[in-house]
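Trainee: Pasting a structure here, questions to come.
The values are calculated or read from the model by the stated rules, or taken from the named source; none is laboratory data. What you see is a predicted model, and the numbers here were worked out from it, not measured in a lab. Virtual Cβ from ideal backbone geometry, glycine too; neighbours counted across all protein chains shown.
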There are 2 protein chains.
Amino acid sequence: MKNEEEPKDKRLKPGDAQKLTMAEVAKYVGVSAMTVSRAFRQDASVSEETRKRIMEAVDALGYVLDLSAGSLSSRRSGFIAALVPSINNSNFSDTARGMTDALQNTGLQLLLGYTDYSAEKEEELIEAMLRRRPEGIILTGGSHTARARRMLVKAGIPVVETWELPEDPINQVVGFSNSEAMSLLVRTLAGQGYRKFGYIGGTTARDTRGSQRRSGFQKTVEELGLGPGRMISFGVPPITMEQGGQAIVSLLERWPDTEVVLCVSDLSAFGAIMECTRRGMQVPRDIAVAGFGDYEISSICHPRITTINVDCYGIGRQAAARLLDTLHTGEATGDEITLTGYKVVLRESTDRNGAPTA
Amino acid sequence: MKNEEEPKDKRLKPGDAQKLTMAEVAKYVGVSAMTVSRAFRQDASVSEETRKRIMEAVDALGYVLDLSAGSLSSRRSGFIAALVPSINNSNFSDTARGMTDALQNTGLQLLLGYTDYSAEKEEELIEAMLRRRPEGIILTGGSHTARARRMLVKAGIPVVETWELPEDPINQVVGFSNSEAMSLLVRTLAGQGYRKFGYIGGTTARDTRGSQRRSGFQKTVEELGLGPGRMISFGVPPITMEQGGQAIVSLLERWPDTEVVLCVSDLSAFGAIMECTRRGMQVPRDIAVAGFGDYEISSICHPRITTINVDCYGIGRQAAARLLDTLHTGEATGDEITLTGYKVVLRESTDRNGAPTA
DNA sequence: CTTCAAATTGTTATCGATATCATCTTGTCG
DNA sequence: CGACAAGATGATATCGATAACAATTTGAAG
């Protein structure tokens, strides 16, 4: 019944993939493979005329450079590895974009992985990445398994840790103190007269930045003599918008007189605010809420959310830039800490003068 | 002044990166390199005892497999390339996650790139990706430059186009009709009694899924005899939340009696709703709004947003699964179209019975 | 005690580019 | 005009693993 005669035009013919090599391009042009190789790099010495002829042949034949072969002999993979906790989080995808942009036109390509906030997953990924012999690696945070650290050091490539200030950096750092940033937010709000502070975050273990924010909160509230903060832990980090909503409900059940609630991220803050609105409470009139991260949503939603703006994109961009520096200067730069900025963005959700809308 | 005697403990010593090779591991254990190579693959025939000894040596020496060398000789790169328009968009990052998950434990790694909704950027990226000799490639959408198509066909690897149903597929497709999905939404809302439809989208050219949604809207509104839709184009796609807000303002200025506004995505719908709220209009009492994509925000915000739920994660997962199939069956599978589901999710933002809150 | 198949390990060639050094032009300058 | 530097190109070895085939060992069956 099968009609073998049907036109198999578009079908993938195995033979189609004529493995074209540089040597064949070279033969076609009448030069050596080495010259073709040179023609692909701008620095190399090939006469303009030859390069032009070669490029025409490349076009005509449809040759595509094979970097896996190239990187073996040149001992340069052309990869930069980057690990982020999650890519569905726009803070981190902004960071990834910053890295991609910084690597533009450098001949380096980003090899991206998601750790899912897990140090074990990170360890696995680090090994998987190192097998590709990246020329540098960018990590999120400073908590790694012992084996991960060992592999990184042994790899002998520059490492940049981001988004935090690790106590014991492996190499370079591009980030900020999450604890101090949260502290600043607490002080700012306390300066506006708030006294009864609540906090919503995930159950602590996995998300180190989250726990740093939490401890910054706790420490500062106590320093200000405002007693122990009212802490709610809800769900495995990263906590969702929905969990933010659930969390604020339990927080207010337990401590109904809370004046302002700080959240580990804008996403949970947003969920919290929406849940309050839905329950007929007005933010900030009845309860003030603040987030962390300055996600797009926070400047758009109603009421707009007070938050800490973090230079996510800049973290990625600078991390990649530091790496490039180190690669160029021959890795002698040593370790540095590059601090990235953050700032409190006061918006409607903590406005002391009450009702968000008219 | 420089103290050369300082302990350079953590500093990157160039010599640290003792290029360990398989041969050295082999010598250490007293076997051949080939046996070490075998020990790394589960299928290969190595006695358990030998494998154990080798793995202990690998651990002791800190050897990490070099896949760039491996892929050259095995002619299998272990890469799957994937191009998405943007990674800051959670719909696409869900798709990326679906692909990553599907590739788990297959020994294949995702090589991810962002096209920024540009066919030229896509062409560049396709070339960059092909230089790594991926074993398959996943694209978003069906619009590619002529050269991109040529390169893809020539590469002789399976190609999966996603998120749309291209008229002339290169190879396999995993997606749905954006136009029909939008059409379904229009019909559903018309069925609820809405008559005066508005539409908010980006200026069309770049985002092909966006323009398909737009044309689905326009066609259906006319088919239903509701006259030409009221269309506002605002900003270069992907349009932001903020642009959604600006767009609905101009739409309502021009056609104040509009009953329901459909938006190219939930993000613009959200921005539109928030802007309305801010201006004292109630959604859906004064104006109904619907989105597209069922982003997390839409089920959390207030009012909750009516939208089209798309199986973003499933698109990624199935695209990768199709690719794996094709790779296993030796590429003979030929072309197929895998339809992914979508459904209308009716929520408060288009509720005919009025006021969102009590 | 053979014999032969299966299991285990080794040897050699090779993947496709690039580093390195060698060769050959060309042109400038004393 | 000779010498030498700069520019362009080529020949060969090599990067570090794996494919393919060969060799050896082991064990079960006859």
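Trainee: Which residue pairs have Cβ atoms closer than 9 Å, lie 6 or more positions apart in sequence or on different chains, and pair a first residue in region B:55-73 that is at the interface with chain A (Cβ under 7 Å from one of its Cβ atoms) with a second residue that is more than 13 Å from DNA strand C (Cβ to nearest atom) and of a type in the set (Val, Ile, Thr)?
Mentor: That search, which allows pairs on different chains as well, returns B:Val64/B:Val58; B:Leu65/B:Val58.
Trainee: Restricting attention to region A:78-111, report how many residues are part of a loop (DSSP other than H, G, I, E, B) and farther than 12 Å from A:Arg132 by Cβ. Reasoning before the result, please.
Mentor: Just the residues of region A:78-111 that are part of a loop (DSSP other than H, G, I, E, B), to begin with: A:78, A:85-89, A:104-108.
Keeping just the survivors that are farther than 12 Å from A:Arg132 by Cβ gives A:85-89, A:104-108.
Result for region A:78-111: 10.
Trainee: Here's another thing I want to ask about it. Within the bounds of region A:172-185, is there any residue that is under 30 Å from A:Ala288 (Cβ atoms), out of contact with any Gly (no Cβ under 9 Å at 6 or more places or on another chain) and surrounded by 22 or more Cβ atoms within 10 Å (Cβ to Cβ)?
Mentor: Step one: of region A:172-185, the residues under 30 Å from A:Ala288 (Cβ atoms) are A:175-185.
Okay, now just the ones that are also out of contact with any Gly (no Cβ under 9 Å at 6 or more places or on another chain), so none.
No, because not a single residue in region A:172-185 is under 30 Å from A:Ala288 (Cβ atoms), out of contact with any Gly (no Cβ under 9 Å at 6 or more places or on another chain) and surrounded by 22 or more Cβ atoms within 10 Å (Cβ to Cβ).
Trainee: If you don't mind, there's one more thing I want to ask. For B:Gly198, state whether it is among the small types (Gly, Ala, Ser), crowded, with 22+ Cβ neighbours inside 10 Å, more than 24 Å from the chain's Cα centre (by Cα) and closer than 21 Å to B:Ala272 by Cα.
Mentor: Values: among the small types (Gly, Ala, Ser): yes; crowded, with 22+ Cβ neighbours inside 10 Å: yes; more than 24 Å from the chain's Cα centre (by Cα): yes; closer than 21 Å to B:Ala272 by Cα: yes.
Taking the combined requirement at face value, the residue satisfies it.
Trainee: For residues that are over 32 Å from the mean Cα position of the chain (by Cα) and within 13 Å of DNA strand C (Cβ to nearest atom), tally how many sit in region A:58-72. Don't jump to the end; show me each part of the working.
Mentor: Of all residues in region A:58-72, those over 32 Å from the mean Cα position of the chain (by Cα) come to A:58-63.
Then keep just the ones that are within 13 Å of DNA strand C (Cβ to nearest atom); that gives A:58, A:61-63.
Residues flagged as over 32 Å from the mean Cα position of the chain (by Cα) and within 13 Å of DNA strand C (Cβ to nearest atom) within region A:58-72 amount to 4.
Trainee: A further question on this structure: Collect the residues in region B:130-148 that are farther than 25 Å from A:Arg132 by Cβ and within 11 Å of another protein chain (Cβ to nearest Cβ), keeping them in residue-number order.
Mentor: Across region B:130-148, the qualifying residue is only B:Arg147.
Trainee: Let me ask another. I'd like the full set of residues that are under 23 Å from A:Arg132 (Cβ atoms), touching a helix residue (DSSP H, G or I) at 6+ places or on another chain (Cβ under 9 Å) and surrounded by fewer than 17 Cβ atoms within 10 Å (Cβ to Cβ), limited to region B:43-58.
Mentor: Start the filter on region B:43-58 by keeping residues that are under 23 Å from A:Arg132 (Cβ atoms), which leaves B:43-44, B:54-55, B:57-58.
Okay, now just the ones that are also touching a helix residue (DSSP H, G or I) at 6+ places or on another chain (Cβ under 9 Å), so B:44, B:54-55, B:57-58.
Scanning region B:43-58 gives B:Ala44, B:Met55.
Trainee: Additional query: Please indicate, with yes or no, whether at least one residue in region A:155-168 is farther than 22 Å from A:Ala321 by Cα and part of a helix (DSSP H, G or I).
Mentor: Checked against the condition, which is being farther than 22 Å from A:Ala321 by Cα and part of a helix (DSSP H, G or I), region A:155-168 yields no hits at all.
Trainee: To continue, here is another question. Whether any residue in region B:306-328 is without any contact (Cβ under 8 Å) to a residue 12 or more places away in the chain and under 22 Å from the mean Cα position of the chain (by Cα) is what I want to check. I'd like the intermediate steps shown before the answer.
Mentor: Restricting attention to region B:306-328, the residues satisfying the condition of being without any contact (Cβ under 8 Å) to a residue 12 or more places away in the chain are B:325, B:328.
Still in the running and under 22 Å from the mean Cα position of the chain (by Cα): B:325.
Yes, region B:306-328 contains at least one residue that is without any contact (Cβ under 8 Å) to a residue 12 or more places away in the chain and under 22 Å from the mean Cα position of the chain (by Cα).
Trainee: Name the pairs whose Cβ atoms lie under 6 Å apart, with the first residue in region A:125-150 and under 23 Å from B:Val58 (Cβ atoms) and modelled with pLDDT of 95 or more, the second charged (D, E, K, R) and surrounded by fewer than 22 Cβ atoms within 10 Å (Cβ to Cβ), and 6 or more positions between them or separate chains?
Mentor: A:Thr145/A:Glu123; A:Arg147/A:Glu123; A:Ala148/A:Glu123
Trainee: I would also like to ask the following. Being small (Gly, Ala, Ser) and surrounded by fewer than 20 Cβ atoms within 10 Å (Cβ to Cβ) is the requirement here; does B:Gly271 meet it?
Mentor: Values: small (Gly, Ala, Ser): yes; surrounded by fewer than 20 Cβ atoms within 10 Å (Cβ to Cβ): no.
For B:Gly271, the condition - small (Gly, Ala, Ser) and surrounded by fewer than 20 Cβ atoms within 10 Å (Cβ to Cβ) - is not met.
Trainee: A further question on this structure: Would you call A:Ser86 within 29 Å of B:Gly70 (Cα to Cα) and more than 9 Å from DNA strand C (Cβ to nearest atom)? I'd like the intermediate steps shown before the answer.
Mentor: Values: within 29 Å of B:Gly70 (Cα to Cα): no; more than 9 Å from DNA strand C (Cβ to nearest atom): yes.
Against the criterion (within 29 Å of B:Gly70 (Cα to Cα) and more than 9 Å from DNA strand C (Cβ to nearest atom)), A:Ser86 does not qualify.
Trainee: Taking region B:159-189 only, how many residues are of a type in the set (A, V, I, L, M), away from chain A (no Cβ under 14 Å) and under 30 Å from B:Ala81 (Cβ atoms)?
Mentor: If we filter region B:159-189 for residues that are of a type in the set (A, V, I, L, M), which is where we start, we get B:159-160, B:165, B:170, B:173-174, B:181-182, B:184-186, B:189.
Then drop every residue that is not away from chain A (no Cβ under 14 Å), which leaves B:165, B:174, B:181-182, B:184-186, B:189.
Then drop every residue that is not under 30 Å from B:Ala81 (Cβ atoms), which leaves B:165, B:174, B:181-182.
Total meeting the criteria: 4.
Trainee: Of the residues B:Thr258, B:Thr204, B:Thr220, which is out of contact with any helix residue (DSSP H, G or I) (no Cβ under 6 Å at 6 or more places or on another chain) and of a type in the set (Val, Ile, Thr)? Outline the logic, then answer.
Mentor: On the way: B:Thr204 fails: out of contact with any helix residue (DSSP H, G or I) (no Cβ under 6 Å at 6 or more places or on another chain); B:Thr220 fails: out of contact with any helix residue (DSSP H, G or I) (no Cβ under 6 Å at 6 or more places or on another chain).
The conditions single out B:Thr258.
Trainee: If you don't mind, there's one more thing I want to ask. Given the conditions (1) within 16 Å of DNA strand D (Cβ to nearest atom); (2) at pLDDT below 95; (3) in a helix (DSSP H, G or I), and given that A:Lys19 satisfies all but one, which numbered condition is not satisfied?
Mentor: Failed condition: (3).
One line per residue, one yes/no per condition, for (1) part of a loop (DSSP other than H, G, I, E, B); (2) in contact (Cβ under 8 Å) with a residue 60 or more places away in the chain:
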{"site": "B:Ile239", "(1), (2)": "yes, no"}
{"site": "B:Ser250", "(1), (2)": "no, no"}
{"site": "B:Val261", "(1), (2)": "no, yes"}
{"site": "B:Phe270", "(1), (2)": "no, no"}
{"site": "B:Ile273", "(1), (2)": "no, yes"}
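Trainee: Here's a check for you: in region A:44-57, which residue that is more than 16 Å from DNA strand C (Cβ to nearest atom) and among the basic types (Lys, Arg) is farthest from the chain's Cα centre (by Cα)?
Mentor: Step one: list which residues in region A:44-57 are more than 16 Å from DNA strand C (Cβ to nearest atom), which gives A:52-53, A:56.
Pick out the ones that are also among the basic types (Lys, Arg) and you get A:52-53.
Values: A:Lys52: 41, A:Arg53: 43 Å.
So, considering only residues that are more than 16 Å from DNA strand C (Cβ to nearest atom) and among the basic types (Lys, Arg), the one farthest from the chain's Cα centre (by Cα) is A:Arg53.
Trainee: On the basis of being within 12 Å of DNA strand C (Cβ to nearest atom), within 21 Å of A:Leu72 (Cα to Cα), at pLDDT 90 or above and surrounded by 11 or more Cβ atoms within 10 Å (Cβ to Cβ), does B:Ala39 make the cut?
Mentor: So B:Ala39 fails the test.
Trainee: Take region B:112-124 and flag every residue that is facing another protein chain (nearest Cβ under 10 Å), over 19 Å from A:Thr115 (Cα atoms) and not in a loop (DSSP other than H, G, I, E, B).
Mentor: Applying the first criterion (facing another protein chain (nearest Cβ under 10 Å)) to region B:112-124 yields B:112-114, B:116.
Those still in the list that are over 19 Å from A:Thr115 (Cα atoms) too: B:114, B:116.
Hit for region B:112-124 is B:Tyr114, nothing else.
Trainee: State whether one or more residues within region A:270-280 are away from chain B (no Cβ under 12 Å) and either under 22 Å from the mean Cα position of the chain (by Cα) or under 28 Å from B:Gln282 (Cβ atoms) (or both). Don't jump to the end; show me each part of the working.
Mentor: At the first step, the residues of region A:270-280 found to be away from chain B (no Cβ under 12 Å) are none.
Among the residues of region A:270-280, not one is away from chain B (no Cβ under 12 Å) and either under 22 Å from the mean Cα position of the chain (by Cα) or under 28 Å from B:Gln282 (Cβ atoms) (or both), which makes the answer no.
Trainee: A follow-up question, please. Here are the criteria: (1) surrounded by fewer than 21 Cβ atoms within 10 Å (Cβ to Cβ); (2) away from chain B (no Cβ under 13 Å). Tell me which single one A:Leu262 does not satisfy.
Mentor: (1)
Trainee: Sticking with this structure for a sec: Examine region B:93-100 for a residue that is more than 8 Å from chain A (Cβ to nearest Cβ) and closer than 20 Å to B:Gly330 by Cα, and state whether such a residue exists. I'd like the intermediate steps shown before the answer.
Mentor: Step one: filter region B:93-100 for residues more than 8 Å from chain A (Cβ to nearest Cβ), giving B:95, B:98-99.
Checking which are closer than 20 Å to B:Gly330 by Cα leaves us with none.
The answer is no, given that none of the residues of region B:93-100 is more than 8 Å from chain A (Cβ to nearest Cβ) and closer than 20 Å to B:Gly330 by Cα.
Trainee: If you scan region B:285-304, which residues turn out to be among the hydrophobic types (A, V, I, L, M, F, W, C) and within 13 Å of chain A (Cβ to nearest Cβ)? Lay out the reasoning, then the answer.
Mentor: Residues of region B:285-304 among the hydrophobic types (A, V, I, L, M, F, W, C): B:287-290, B:292, B:297, B:300-301.
Residues satisfying the conditions are B:Ile297, B:Ile300, B:Cys301.
Trainee: Return the only residue of A:Asp94, A:Asp116 being surrounded by 21 or more Cβ atoms within 10 Å (Cβ to Cβ) and either under 30 Å from A:Tyr295 (Cα atoms) or in contact with a Phe, Trp or Tyr (Cβ under 8 Å, 6 or more places away or on another chain) (or both).
Mentor: Values: A:Asp116 fails: surrounded by 21 or more Cβ atoms within 10 Å (Cβ to Cβ).
The match here is A:Asp94.
Trainee: Exactly one of these conditions fails for A:Glu348: (1) modelled with pLDDT of 95 or more; (2) closer than 20 Å to A:Phe234 by Cβ; (3) touching a Pro at 6+ places or on another chain (Cβ under 9 Å). Give me its number.
Mentor: Failed condition: (2).
Trainee: Among the residues of region B:36-67, which ones are closer than 20 Å to B:Gly107 by Cα, assigned to a helix (DSSP H, G or I) and within 12 Å of DNA strand D (Cβ to nearest atom)? Outline the logic, then answer.
Mentor: Start the filter on region B:36-67 by keeping residues that are closer than 20 Å to B:Gly107 by Cα, which leaves B:36-46, B:51, B:55, B:58, B:63-67.
Now drop any that are not assigned to a helix (DSSP H, G or I), which leaves B:36-39, B:51, B:55, B:58, B:67.
Result: B:Val36, B:Ser37, B:Arg38, B:Ala39, B:Val58, B:Leu67.
Trainee: Out of everything in region A:68-121 that is of a type in the set (D, E, K, R) and under 25 Å from A:Asp325 (Cα atoms), what residue ends up being nearest to DNA strand D (Cβ to nearest atom)? Even if it seems obvious, please write down each step before you answer.
Mentor: From region A:68-121, those of a type in the set (D, E, K, R) are A:75-76, A:94, A:97, A:101, A:116, A:120-121; that's our starting set.
Then keep just the ones that are under 25 Å from A:Asp325 (Cα atoms); that gives A:75-76, A:94, A:97, A:101.
Working: A:Arg75: 6, A:Arg76: 11, A:Asp94: 36, A:Arg97: 33, A:Asp101: 31 Å.
Applying the filter and picking the extreme gives A:Arg75.
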